[in-house]
Every structure is written in C-alpha cells, then in structure tokens.
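The values are calculated or read from the model by the stated rules, or taken from the named source; none is laboratory data. Worth saying up front: this structure is predicted, and the values here are computed from it rather than measured. Neighbour counts run over all protein chains shown; Cβ positions are idealised from the backbone, glycine included.
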Amino acid sequence: MSSVQTYQPLAGIRVVEISHMIMGPSAGFFLATLGAEVIKIEPPDGDKTRLLTGMGRGFFPSFNRGKKSVALDTKTPEGLAALHEIMSTADVFLENFRDGSMDKIGLSPEQLQAKYPALIIASCKGFLKGPYENRTAMDEVVQMMTGMAYMTGPKGRPLRIGSSTVDITGGLFTAFAVLAALFKRQQDGQGHQIRTGLFESCLLLVMQHMVQFDLEGTESPPMPNREFSWPIYDIFTTQDGRSIFIGAITGGHWEIVCRLLGLEQLLTDPRLQTRMEQINNREWTIPLVEAAVATFNYADLTPILEQQGIPFGPVSRPVEMYADPHVNRPNGLITSVDGETGQAYRAPGLPFEVDGKPLLPINPDLPAIGEHTAEVLASLKQKI
C-alpha cells in the first residue's frame, strides 16, 4: 500500500502556532498532516513542554511532528517585529494561552483581526464565553466538571480517562473549525475568530447521557455499574491467563457464542428465550460463560470468534500496540526523528485513509528548537 503524500489539501496554507501542552499543538498537528505549513513559534529556550518527563514525555513528540520551529523572543521589540512579519504572511493563527496573555503583545483576536482582516484566528481555551470563561481548565478538571469522570469510574470513585482524550478532542474540534473557516473565507474573503472550549469539548462527549435523561427521565449509572443491555458484554480470562472482552449484542451472537463455548443448554433453557430474560439472568449465566472461556487458550479462541463475527478484543496495554499485527501493517506507524536529540520514535498517524491509502505527512520529523528560524525569516525577505 503506497503513501498518499500527494494528498495535501492544505498545501499553501500557512499556520502560525503559539501554543504548548496538548490542545493547541494537536490542532496544529492535524493541520500539518493535511499539508499546511505550521510554523511553531517557540521562546529561545524552547517550548517548556519539551522538558516534561514521565507521563508527559510523549506530549511534545506526539503533537509537534511535521512543524517548523522558529525561536523568537517576543518580549523584545525585534522578536515581536519578526513575529508580525511572519503573521503578515499567515492564513491561520493558533494559540492556547489564557485570555489576556496575548493582549500584552498585541495578539488578541481583536487586535489581530484589525491588523490582518483575512486572518483566521483560532483560540483554544478552557471555556467558551460565559460564567466560567476566566477559569483555569485542564483535561482532568473538565472531566470532573462535566460528568465524564463520574461515568468512567465505579460509583463514588470518579476516574479520568486514561489519556488526554479531551485535550486531543478539543484540538480536533479546533482543526475542524479552522477548515470550515478556510472554506468560508473562500466565499467571503474575510478572516474569522474561532474559540474552542475544552469544557465544551468534554460536554459533547457526555452528550448521550444528558440526552437520555432529557428524553426518558432516567440517569445512567457509571459505566462500571451500568445496567446491561446485552446478555454477554464482559471481560473474561482464558486458560493461559489472557484477559479478553467478548460481546454478544444480537440474538445471533448469543446463539453463536453459546454453541462455540459448548453451552448449548442455554439455548433451550425456558428461562432464556427472550432478550430480556437473557439479560435479567446474567447473574447465573455469566459464571457459566466465564468457566467455558477458561477452558480455551487465547490463541485458539480468538480465530473462532473472529471467523464468526463476534465482537471481541484483548485487554492490552498501550506499549503492546507496537507488537500488534494490525498496528504494524505497512504505514500503520510513522517513524519520526527528534531534531533535538536525533532519537527515532514510532507513533500513529491520522486514523483515516484516502482513496484506499493511508495519509502520511511529507515531513514526519520533530523540529529542533529554532531549526527553521533562519529559513522562515529569509523567505520573508525574498517576498519583499
């Protein structure tokens, strides 16, 4: 399967990004992968996200691939002037700092719109305009506020999702809004101000639970305590100690799983002849399924489940994805090189194909601090 490096719908679009952590950088990463030239403005000593360790170690290398790094001291008149030179050539300005931070250097949305009327200004914030707009927000904060953490952990033990899901989703919504604004600018020639809320991004992710209550008047319990809608929808342990999720969500699935596991007696049991009977009797049927699954080795059970179209999946750790055969298909992982350290690393690309082919960035690498400063500034002089 060949790459789709010719599919660069945003080629010719210049994005100037001043952001850190995840929400803003992920938006820039999505745009860069679609072909935009994303110029990341960093302070002379680099984005502080570069220095994170532990669970933060993957932030910068994950979401800043394929960008150009320009190091400027915007606290000096010379650095600020250089920034505005670059801004005068930009189509999009992307930032994710607190309200008021950009005002101090003349980069508030209103200031920018007045100076560059065709510029699309994308601001990644904690909240949209409203009572909370001046609060400090983080992924974990908004998961707690919106009910996401409540729905994820057991009752009485709210738990954040095990990745920066909302930050990445907020970045995706920002990139989505930028694409719409670029399309609109083709029609009206005008720039537009975009504000994306981390809180509102998380709110959209819990929307289904809100709507259920509004329509039915019933409130869903947390996912670990949920009322089951299917007779089998559980994690089991195989004979060789592998954890596996198996679901039987249709009548056909129920029959297939029972036959595969040697539980044909459940198919004729008078207590299990309707879907609701199968669900309401889970307290004694699931232990039977557990015992049956425990007689199979994982490697023997999974091909049968796959062949029969049963929903299943191993309970894996993220690091195990590097050995997963589907992840390791051609172009399933993109190898990048850290321009600062020279270290190579592998990471997923965008999760879609175009015309049957994967989308690969023209430049998958991570820039060193200020690697493209001279190049970008020299190009400005050539345009004068």
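Here residue 10 fits the description: part of a loop (DSSP other than H, G, I, E, B) and surrounded by 19 or more Cβ atoms within 10 Å (Cβ to Cβ). Just one of the listed residues (184, 104) is surrounded by 14 or more Cβ atoms within 10 Å (Cβ to Cβ), free of Cβ contacts under 8 Å to residues at least 12 places away in the same chain and not small (Gly, Ala, Ser), namely 184. The single condition among (1) touching a Leu at 6+ places or on another chain (Cβ under 8 Å); (2) more than 30 Å from residue 303 (Cβ to Cβ) that residue 258 does not satisfy is (2). When you scan region 34-44, do you find a residue that is surrounded by fewer than 24 Cβ atoms within 10 Å (Cβ to Cβ), over 24 Å from residue 79 (Cβ atoms) and either at pLDDT below 95 or in the same structural domain as residue 164 (by TED's automatic domain parsing) (or both), even just one? Among the residues of region 34-44, at least one is surrounded by fewer than 24 Cβ atoms within 10 Å (Cβ to Cβ), over 24 Å from residue 79 (Cβ atoms) and either at pLDDT below 95 or in the same structural domain as residue 164 (by TED's automatic domain parsing) (or both), which makes the answer yes.
I'd like the full set of residues that are free of Cβ contacts under 8 Å to residues at least 12 places away in the same chain and out of contact with any Gly (no Cβ under 8 Å at 6 or more places or on another chain), limited to region 150-169. Outline the logic, then answer.
First pass over region 150-169, keeping only residues free of Cβ contacts under 8 Å to residues at least 12 places away in the same chain: 156-157, 159, 162-163.
Listed by number, the residues that qualify are 156, 157, 162, 163.
Here the condition is being modelled with pLDDT under 95 and of a type in the set (Asp, Glu); of 227, 277, 255, it holds for 227 alone. Among the residues of region 207-228, those identified as more than 25 Å from residue 316 (Cβ to Cβ), assigned to a loop (DSSP other than H, G, I, E, B) and touching a residue at least 24 places away in the same chain (Cβ under 8 Å) are 220, 221.
Residue 120 falls short of the stated requirement of being of a type in the set (A, V, I, L, M, F, W, C), closer than 26 Å to residue 47 by Cβ and surrounded by fewer than 22 Cβ atoms within 10 Å (Cβ to Cβ). Only residues that are surrounded by 18 or more Cβ atoms within 10 Å (Cβ to Cβ) and either over 12 Å from residue 311 (Cα atoms) or among the basic types (Lys, Arg) (or both) were counted in region 243-259, giving 1.
Can you find even one residue in region 105-128 that is over 30 Å from residue 79 (Cβ atoms) and among the charged types (D, E, K, R)? So far as region 105-128 goes, no, none of its residues is over 30 Å from residue 79 (Cβ atoms) and among the charged types (D, E, K, R).
One line per residue, one yes/no per condition, for (1) under 25 Å from residue 160 (Cβ atoms); (2) in contact with a Cys (Cβ under 8 Å, 6 or more places away or on another chain); (3) free of Cβ contacts under 8 Å to residues at least 12 places away in the same chain:
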| residue | (1), (2), (3) |
| --- | --- |
| 56 | yes, no, yes |
| 91 | no, no, no |
| 116 | no, no, no |
| 125 | yes, no, no |
| 129 | no, no, no |
| 136 | yes, no, no |
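Checking the structure you have, find out if any residue of region 353-368 is of a type in the set (S, T, N, Q) and modelled with pLDDT of 95 or more. The answer is no, given that none of the residues of region 353-368 is of a type in the set (S, T, N, Q) and modelled with pLDDT of 95 or more.
For region 301-367, give me every one of the strands (runs of 3 or more DSSP E) that falls completely inside it and has 2 or more residues that are surrounded by 16 or more Cβ atoms within 10 Å (Cβ to Cβ) and either free of Cβ contacts under 8 Å to residues at least 12 places away in the same chain or within 19 Å of the chain's Cα centre (by Cα) (or both).
334-337
Residues in region 204-257 that are farther than 30 Å from residue 145 by Cβ and aromatic (Phe, Trp, Tyr): 230, 236, 254.
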